[in-house]
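The values are calculated or read from the model by the stated rules, or taken from the named source; none is laboratory data. Keep in mind the model is a prediction, meaning the values are calculated, not measured. Counting neighbours? That spans all protein chains shown, and the Cβs are built from the backbone with ideal geometry, glycine included.
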Amino acid sequence: MQSDSARSDPKAAMRPQPEDVQNLSSGTTSLAHAFAMARHRLGEREACALFRDLLSISRTKIAANPDQLLDDGDVAKLTSSIVRRCRGEPLAYVTGRRGFRTIELAVGPSVLIPRWETEELVQMALEHIASSSRVLDLGTGSGCIALAIRKETGADVTASDVSAPGLEVCRCNAETLGLGIQLVQSCWYESIDGIFDVIVSNPPYVESDDPHFQCGDLLHEPRLALDGGPDGLAGLRHVVAGAPAHLSEGGRLLVEHGCDQQTQVQLLFTAAGFADIATHHDLGGLPRVTQGALP
């Protein structure tokens with residue numbers, strides 16, 4: 001979860017209102033006309049995403065068959081989706097899909113939308129994971145971290161979440177991708193058994209009074225997956241303090257955190273007895289992932 005201003009949606013106020021969306025006529029709407037209307041309302045990128053993810057129609061097909069008519073079901077689906085997006089609903093929830101590294105995930109309002117910052121967390125974790133490793137993903141949500149690691153390493157992965165609906169999304173994604181992982185409903189480490197070589201987590205780290213909760217995607221995403229308490233560190237404290245009891249000797253903990261939380265998170269690692277503590281910057285140059293090793 002990212003608490004930075006980049007997660008807000010400055011264009012939301014300029015987005016067309018639902019009542020401005022032109023109704024498309026069933027049986028008489030061509031691909032070219034429908035795409036032009038979607039592009040006018042949402043922009044090229046989002047229009048392409050709607051056609052690709054909702055209707056399985058590529059931009060190339062639209063260009064090659066501009067006069068092809070949409071059927072009634074596709075017209076209704078497209079119109080409804082444009083209205084939802086104009087009302088500010090995240091594009092990933094409208095399409096029900098989100099790409100993450102090499103996998104495609106189903107997402108919905110019960111889980112956080114995977115971000116590119118979290119891909120950096122996975123990249124850092126992969127440096128310490130082999131096919132024989134045991135990995136724990138705390139607060140898995142859609143399963144993006146756990147499933148990416150499982151696919152790219154073949155490691156033994158356990159994914160946990162306190163939210164039953166969130167864990168069900170992860171289960172469905174694992175089945176769709178054909179990736180076998182263990183699922184555990186748990187509030188942090190409460191129901192976790194065993195010892196792991198690597199623990200990874202993208203816990204809630206947005207401060208409870210952060211104004212970004214009132215705008216952009218955060219307005220629609222599950223508060224449970226975002227709210228890190230008054231100082232944003234409540235979840236991080238649980239993850240870091242409980243990790244030593246569940247790590248093998250030399251095991252690694254890696255967590256994602258806010259770009260202004262680097263110092264506090266490193267202090268948490270030190271207090272928990274970790275060594276080799278380091279913070280890595282994301283592609284935007286912001287401190288985003290901190291890791292440490294159990295001596």
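Would you confirm whether or not the range 10-31 contains a residue that is at pLDDT 55 or above, in a helix (DSSP H, G or I) and not assigned by TED's automatic domain parsing to the domain that holds Glu221?
yes
Looking only at the range 91-108, count how many residues are outside any strand (DSSP E or B) and either among the small types (Gly, Ala, Ser) or more than 9 Å from the chain's Cα centre (by Cα) (or both).
Count: 9.
Residue check: is Thr118 among the hydroxyl-bearing types (Ser, Thr, Tyr), in contact with a strand residue (DSSP E or B) (Cβ under 7 Å, 6 or more places away or on another chain) and either crowded, with 22+ Cβ neighbours inside 10 Å or more than 20 Å from Leu179 (Cβ to Cβ) (or both)? Can you show your working first?
Numbers: among the hydroxyl-bearing types (Ser, Thr, Tyr): yes; in contact with a strand residue (DSSP E or B) (Cβ under 7 Å, 6 or more places away or on another chain): yes; either crowded, with 22+ Cβ neighbours inside 10 Å or more than 20 Å from Leu179 (Cβ to Cβ) (or both): yes.
Yes, satisfied.
This table checks each residue for (1) assigned by TED's automatic domain parsing to the domain that holds Gly43; (2) closer than 30 Å to His212 by Cβ; (3) of a type in the set (Ser, Thr, Tyr).
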{"residue": "Ser58", "(1), (2), (3)": "yes, no, yes"}
{"residue": "Leu70", "(1), (2), (3)": "yes, no, no"}
{"residue": "Ser80", "(1), (2), (3)": "yes, yes, yes"}
{"residue": "Arg85", "(1), (2), (3)": "yes, yes, no"}
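Considering only residues that are aliphatic (A, V, I, L, M) and not in a helix (DSSP H, G or I), which ones fall in the range 67-89? Please lay out each step first, then the result.
Looking only at the range 67-89, we keep the residues that are aliphatic (A, V, I, L, M), and these are 69-70, 75-76, 78, 82-83.
Result: Leu69, Leu70.
Return the only residue of Gly154, Gly180 being farther than 18 Å from Thr118 by Cβ and either in contact with a strand residue (DSSP E or B) (Cβ under 9 Å, 6 or more places away or on another chain) or of a type in the set (Val, Ile, Thr) (or both).
Details: Gly154 fails: either in contact with a strand residue (DSSP E or B) (Cβ under 9 Å, 6 or more places away or on another chain) or of a type in the set (Val, Ile, Thr) (or both).
Sole residue among the options that is farther than 18 Å from Thr118 by Cβ and either in contact with a strand residue (DSSP E or B) (Cβ under 9 Å, 6 or more places away or on another chain) or of a type in the set (Val, Ile, Thr) (or both): Gly180.
Is it the case that the range 266-283 has a residue that's outside any strand (DSSP E or B) and within 23 Å of Ser142 (Cβ to Cβ)? Working first, answer last.
As a first pass, look at the range 266-283 and keep what is outside any strand (DSSP E or B): 266-274, 282-283.
Checking which are within 23 Å of Ser142 (Cβ to Cβ) leaves us with 282-283.
Yes; the residues of the range 266-283 include at least one that is outside any strand (DSSP E or B) and within 23 Å of Ser142 (Cβ to Cβ).
Considering the range 98-117 alone, what residues qualify as being within 17 Å of Gly166 (Cβ to Cβ) and not β-branched (Val, Ile, Thr)?
Scanning the range 98-117 gives Arg98, Phe100, Leu105, Ala106, Gly108, Pro109, Ser110, Leu112, Pro114, Arg115.
For the list (1) under 20 Å from Ser142 (Cα atoms); (2) buried (at least 16 other Cβ atoms within 10 Å of the Cβ); (3) of a type outside the set (Phe, Trp, Tyr), I need the number of the one condition that Arg237 fails.
It is condition (1) that Arg237 fails.
Just checking, does the range 132-154 include any residue being among the hydroxyl-bearing types (Ser, Thr, Tyr), surrounded by fewer than 24 Cβ atoms within 10 Å (Cβ to Cβ) and under 22 Å from His280 (Cβ atoms)? Break it down into steps so the answer makes sense when it comes.
Quick first cut of the range 132-154, residues among the hydroxyl-bearing types (Ser, Thr, Tyr) only: 132-133, 140, 142, 153.
Cutting the leftovers down to surrounded by fewer than 24 Cβ atoms within 10 Å (Cβ to Cβ) gives us 132-133, 153.
Retained after the next criterion (residues that are under 22 Å from His280 (Cβ atoms)): 133, 153.
Yes; the residues of the range 132-154 include at least one that is among the hydroxyl-bearing types (Ser, Thr, Tyr), surrounded by fewer than 24 Cβ atoms within 10 Å (Cβ to Cβ) and under 22 Å from His280 (Cβ atoms).
For the range 226-254, give me each residue that is in contact (Cβ under 8 Å) with a residue 60 or more places away in the chain, of a type outside the set (Gly, Ala, Ser) and outside any loop (DSSP other than H, G, I, E, B).
Result: Val239, His246, Arg252, Leu254.
I'm told Val111 meets every condition in (1) under 23 Å from Gly43 (Cβ atoms); (2) in a loop (DSSP other than H, G, I, E, B) except one. Can you identify the failing condition by its number?
(1)
Could you look through the range 252-295, keep only residues that are of a type in the set (Asp, Glu) and under 18 Å from the mean Cα position of the chain (by Cα), and pick out the one that is surrounded by the most Cβ atoms within 10 Å (Cβ to Cβ)?
Going residue by residue through the range 252-295, those that are of a type in the set (Asp, Glu) are 256, 260, 276, 282.
With the extra rule that they be under 18 Å from the mean Cα position of the chain (by Cα), the set shrinks to 256, 282.
On the way: Glu256: 26, Asp282: 20.
Filtering first and then ranking leaves Glu256.
In the list Asp210, Asp156, Asp137, Asp227, which residue meets the criterion of being in the same structural domain as Val289 (by TED's automatic domain parsing), on the phi < 0 side of the Ramachandran plot and touching a Pro at 6+ places or on another chain (Cβ under 7 Å)? Lay out the reasoning, then the answer.
Details: Asp210 fails: touching a Pro at 6+ places or on another chain (Cβ under 7 Å); Asp156 fails: touching a Pro at 6+ places or on another chain (Cβ under 7 Å); Asp137 fails: touching a Pro at 6+ places or on another chain (Cβ under 7 Å).
The conditions single out Asp227.
From the list Ile113, Ile57, which residue is of a type in the set (A, V, I, L, M), touching a residue at least 12 places away in the same chain (Cβ under 8 Å) and more than 28 Å from Leu219 (Cβ to Cβ)?
Working: Ile113 fails: more than 28 Å from Leu219 (Cβ to Cβ).
None of the others qualify; the one that does is Ile57.
In the range 156-212, which residue that is touching an Asp or Glu at 6+ places or on another chain (Cβ under 8 Å) and small (Gly, Ala, Ser) is nearest to Leu105 (Cα to Cα)?
Ala159
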